[in-house]
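The values are calculated or read from the model by the stated rules, or taken from the named source; none is laboratory data. Just so you know, these numbers come straight off a predicted model, no measurement behind them. Backbone-built Cβ (ideal geometry, glycine too); neighbour counts: all protein chains shown. Each accessible area value is taken on the protein alone, full model and side chains, heavy atoms only, with ligands, DNA and RNA left out. Shrake-Rupley method; radii C 1.70, N 1.55, O 1.52, S 1.80 Å.
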Amino acid sequence: MILAVDIGNTNIVIGCIEQEKIYFVERASTDISKTELEYVVEFKTLLELYNIKLEEITGCIIASVVPPLTNIVKASMEKLLKVSPLIVGPGVKTGLNILMDNPGQVGADLIVNAVAGLKYYGAPIIMIDMGTATTISVVDEKKNYIGGMILPGVKVSLESLVNRTSQLPKISLEAPRKVIGKNTIDCMKSGIIMGQAACMDGMIERIWEEMGRQIPVVATGGLAGCIVPYCKKEIIYDNELTLKGLNIIYRKNMEPTA
């Protein structure tokens, strides 16, 4: 069994995987002020919650887009599990051909999602990850990672709207009863939820036009579940996509026959 950790700007996604079975997917807040010991306690508590013993975990893999936290979490894993985690980055085998101006600048999370998307959904494929930022990645029919887009995330957009206006209140992320709102809160909900859904539909349409064909779309991330149901395009929602990708990369690097 391995422990897979994806460190994002807002959340740390954590899961335990054995072969291809994912025992759980949980999210903890990303906090760069926490110490190595505090993360040890947090991860240990989570494993105890799911009745997973430390000796059952034989490996660990980490993907991170928060450099100041990478080594802290790595050290906490070493202290807790007595194993050295594999860090997704230069020198790690992914099997992905990245056709970007600077491949080294592509976020580890995007690479991990693309690896999982290819295995489970084939190529070509569009992958949407809705977190602090909403990212869209495209893999062509030759299994090349050819690029994508980065948009403000759902919560980032909402927080900016509330913080920069004097009369708009904080709201929950849930769909309004109708697209045309009859009060301030419903108008905001429509703008955030339906607006983001319309944005995804529009971006997918433009990618299809540029690719010259309609290709499958898969979405993941903590906020995808709020938006995908209101998109008009067919989008597969896979909450485990990132963990699946981490598992593939771990096996590719640590198991000679994988």
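Miscellaneous remarks
- Residue within the stretch 98-107 that is open to solvent by 30 Å² or more (accessible area, probe 1.4 Å), under 16 Å from residue 246 (Cα atoms) and out of contact with any Asp or Glu (no Cβ under 8 Å at 6 or more places or on another chain) present: no
- For residue 5: the one exception among (1) in contact with a helix residue (DSSP H, G or I) (Cβ under 6 Å, 6 or more places away or on another chain); (2) closer than 27 Å to residue 152 by Cβ: (1)
- Here residue 248 fulfils each of the conditions (1) free of Cβ contacts under 8 Å to residues at least 24 places away in the same chain; (2) surrounded by 15 or more Cβ atoms within 10 Å (Cβ to Cβ); (3) within 23 Å of residue 24 (Cα to Cα) apart from (1).
- Residues that are closer than 13 Å to residue 5 by Cβ, surrounded by fewer than 20 Cβ atoms within 10 Å (Cβ to Cβ) and not hydrophobic (A, V, I, L, M, F, W, C) within the stretch 29-58 comprise 30, 42, listed in sequence order.
- Condition check for residue 200: in contact with a Cys (Cβ under 6 Å, 6 or more places away or on another chain), within 21 Å of residue 233 (Cα to Cα) and in contact (Cβ under 8 Å) with a residue 60 or more places away in the chain: yes
- Residue in the stretch 65-72 that is closer than 23 Å to residue 219 by Cα, modelled with pLDDT under 95 and open to solvent by 20 Å² or more (accessible area, probe 1.4 Å) present: yes
- Here residue 89 clears all of (1) touching a residue at least 40 places away in the same chain (Cβ under 8 Å); (2) touching a helix residue (DSSP H, G or I) at 6+ places or on another chain (Cβ under 8 Å) except the condition numbered (1).
Table: residues versus (1) among the aliphatic types (A, V, I, L, M); (2) under 27 Å from residue 13 (Cα atoms).
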position: 184; (1), (2): no, no
position: 188; (1), (2): yes, no
position: 196; (1), (2): no, yes
position: 199; (1), (2): no, yes
position: 210; (1), (2): no, no
position: 213; (1), (2): no, no
position: 226; (1), (2): no, yes
position: 232; (1), (2): no, no
position: 236; (1), (2): yes, yes
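- Of the residues making up the stretch 143-171, those that are free of Cβ contacts under 8 Å to residues at least 24 places away in the same chain and either touching a helix residue (DSSP H, G or I) at 6+ places or on another chain (Cβ under 9 Å) or within 30 Å of residue 95 (Cα to Cα) (or both) number 8.
- Test: residue in the stretch 117-124 that is at pLDDT 95 or above, part of a strand (DSSP E or B) and open to solvent by less than 60 Å² (accessible area, probe 1.4 Å): no
- Restricting the stretch 135-167 to residues that are surrounded by 19 or more Cβ atoms within 10 Å (Cβ to Cβ) and under 16 Å from residue 191 (Cα atoms) leaves a set whose member that is nearest to the chain's Cα centre (by Cα) is 153.
- Failed criterion for residue 22 (all others in (1) at pLDDT below 95; (2) of a type in the set (A, V, I, L, M, F, W, C); (3) more than 20 Å from the chain's Cα centre (by Cα) hold): (3)
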